[in-house]
Amino acid sequence: MITKKENNVQDAINGIENGMTIMFGGFGLCGIPENTIAALVNTSISDLTCISNNAGVDDFGLGLLLQKKQIKKMISSYVGENAEFERQMLSGELEVELTPQGTLAERCRAAQAGIPAFFTPAGYGTEVAEGKEAREFNGKMHIMEEAFKADFAIVKAWKGDEAGNLIFKGTARNFNACMAGAGKITIAEVEELVPVGSLDPNQIHIPGIMVQRIFQGEKFEKRIEQRTVRARN
């Protein structure tokens with residue numbers, strides 16, 4: 001059995017270079033590859049194109065890469081809670097491609113499945129459709145969207161084994177599941193890394209064939225974007 005285990009996050013990100021396109025799993029701050037992002041912040045890598053549902057918050061997640069101006073372009077579904085993301089977008093410092101959330105997920109899944117393009121009605125008649133092929137299916141107009149082309153896909157899972165099999169936990173599955181295997185190289189950051197054979201095959205969400213590198217993260221903050229609690233009586 002070929003092991004895909006990397007000893008640390010620095011080994012896992014080896015080969016990421018300036019100007020590359022990288023997918024980052026997660027939704028807001030839920031299920032993001034915290035350790036990998038922190039390691040990239042500590043490098044001089046820049047001019048990245050990042051594909052992610054959004055960019056976290058100002059002082060955590062992809063917001064840290066934005067603060068250091070390491071991201072050239074963001075492909076996301078919305079700005080979210082990140083004021084720096086908004087500032088850079090409005091000032092023209094950051095190139096931004098806003099994509100309907102379902103289309104973003106499907107472009108990831110298409111890349112994962114080896115499907116070059118697909119048609120969707122989402123965005124027809126809006127700026128999203130500009131420059132894209134349009135066709136009518138069953139009396140409804142659709143636009144063609146191409147699968148993403150990413151150099152790396154970086155995902156976060158709850159548990160994984162040394163062969164790259166992954167299990168997600170709860171809503172942290174989100175974009176991680178459709179991004180795994182959607183880049184030329186997939187890096188999986190896990191909370192617990194176990195030997196091959198330790199996972200129940202019926203519980204595995206992503207098979208190891210989709211993953212090239214896997215490592216166990218050292219620290220997970222698991223921040224909450226908006227903590228909402230019931231008022232005390």
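Let me spell out the model: positive unit charges on the Cβ of Lys and Arg, negative unit charges on the Cβ of Asp and Glu, origin at the Cα centre of the chain. What dipole size does that give, in debye rounded to 20?
Details: 25 positive and 30 negative charges, 102 e Å.
Dipole about the Cα centre, nearest 20: 480 debye.
Using Cα positions and a limit of under 29 Å, work out the lysines in reach of LYS72, with same-chain residues fewer than 8 apart set aside.
LYS132, LYS149, LYS156, LYS184, LYS219, LYS222
Pick out, from VAL190, GLY125, MET20, the residue whose Cα sits farthest towards the positive end of the charge dipole of the chain, with +1 on the Cβ of Lys and Arg and -1 on the Cβ of Asp and Glu.
Among VAL190, GLY125, MET20, the one farthest towards the positive end of the dipole of the chain is VAL190.
Restricting to the chain, what percent of DSSP beta bridges are antiparallel, rounded to 5?
Percent antiparallel among DSSP bridges in the chain is about 30.
Compute the signed sum of charges (Lys and Arg +1, Asp and Glu -1) over the other residues within less than 10 Å, Cβ to Cβ, of LYS132. Mind dumping the intermediate values first?
Details: positive: none; negative: GLU130, GLU133, GLU145, GLU146.
Counting the neighbours of LYS132, the net charge comes to -4.
Order of 27-39, 6-18 by packing, highest average Cβ count within 10 Å first? If you can, show how the numbers build up before the last one.
Working: 27-39: 22.8, 6-18: 15.5.
So the order, starting with the most tightly packed, is 27-39, 6-18.
Identify unpaired cysteines across the chain, taking unpaired to mean no other cysteine Cβ lies under 4.7 Å from the residue's Cβ.
CYS30, CYS50
Pull up the DSSP beta bridges for the stretch 1-103 and report the antiparallel fraction as a percent, rounded to 5.
So the antiparallel bridges amount to about 15 percent of the total.
So how compact is the stretch 1-102: Cα radius of gyration and Dmax in angstrom?
Over the stretch 1-102's Cα set, Rg and Dmax evaluate to 13.7, 51 Å.
Let me see the P(r) profile for the chain: every Cα-Cα distance counted, bins of 10 Å, each bin given as a percent of all pairs.
Percent of Cα pairs in each bin: 8, 32, 34, 19, 6, 1.
Would you calculate, for the chain, the mean residue ellipticity at 222 nm contributed by helices, counting each DSSP H stretch of 4 or more residues as -39,500 (n - 2.57) and dividing by all residues, to the nearest 500?
Roughly -5000 deg cm²/dmol at 222 nm, from the helical runs in the chain.
Can you work out D for the stretch 114-233 in µm² s⁻¹ from Stokes-Einstein, where Rh is the Kirkwood radius over C-alpha pairs, the temperature is 37 °C and the viscosity is 0.692 mPa s?
Calculated translational D: 192 µm²/s.
Could you tell me which residue out of PRO100, CYS30, GLY114 lies farthest along the dipole of the stretch 21-119 toward its positive end? Charges go on the beta carbon: Lys and Arg +1, Asp and Glu -1, centred on the Cα centre.
Of the options given, the answer is GLY114.
Quick one: what Rg and Dmax do you get for the stretch 68-162 from the alpha carbons, in Å?
15.9, 49
Antiparallel versus total DSSP beta bridges in the stretch 141-211: what percent is that, nearest 5?
25
PRE reach from ASN202 (point 7 Å along Cα→Cβ): which of the stretch 145-174 fall under 20 Å by backbone N?
Residues passing the 20 Å test: 159-161, 165-170.
Net charge near GLN216: determine it from the other residues with C-beta under 13 Å of the C-beta of GLN216, scoring Lys and Arg +1 and Asp and Glu -1.
-3
Non-local amide H neighbours of VAL194 (under 5 Å, H modeled in plane, Pro and chain starts lacking H): which ones?
So VAL194 has HN proximity to GLY160, ASP161, GLU162.
Per 10 Å bin, what is the whole-percent P(r) computed from every C-alpha pair distance within the stretch 166-233?
Whole-percent P(r) values from 0 Å outward: 16, 45, 24, 10, 5, 0.
Values in this text are rule-based calculations from the coordinates and carry no lab data. Every value quoted in this text rests on a predicted model; they were computed, and no experiment measured them. Positions of Cβ are backbone-derived with ideal geometry, glycine not excepted, and every protein chain shown enters the neighbour counts.
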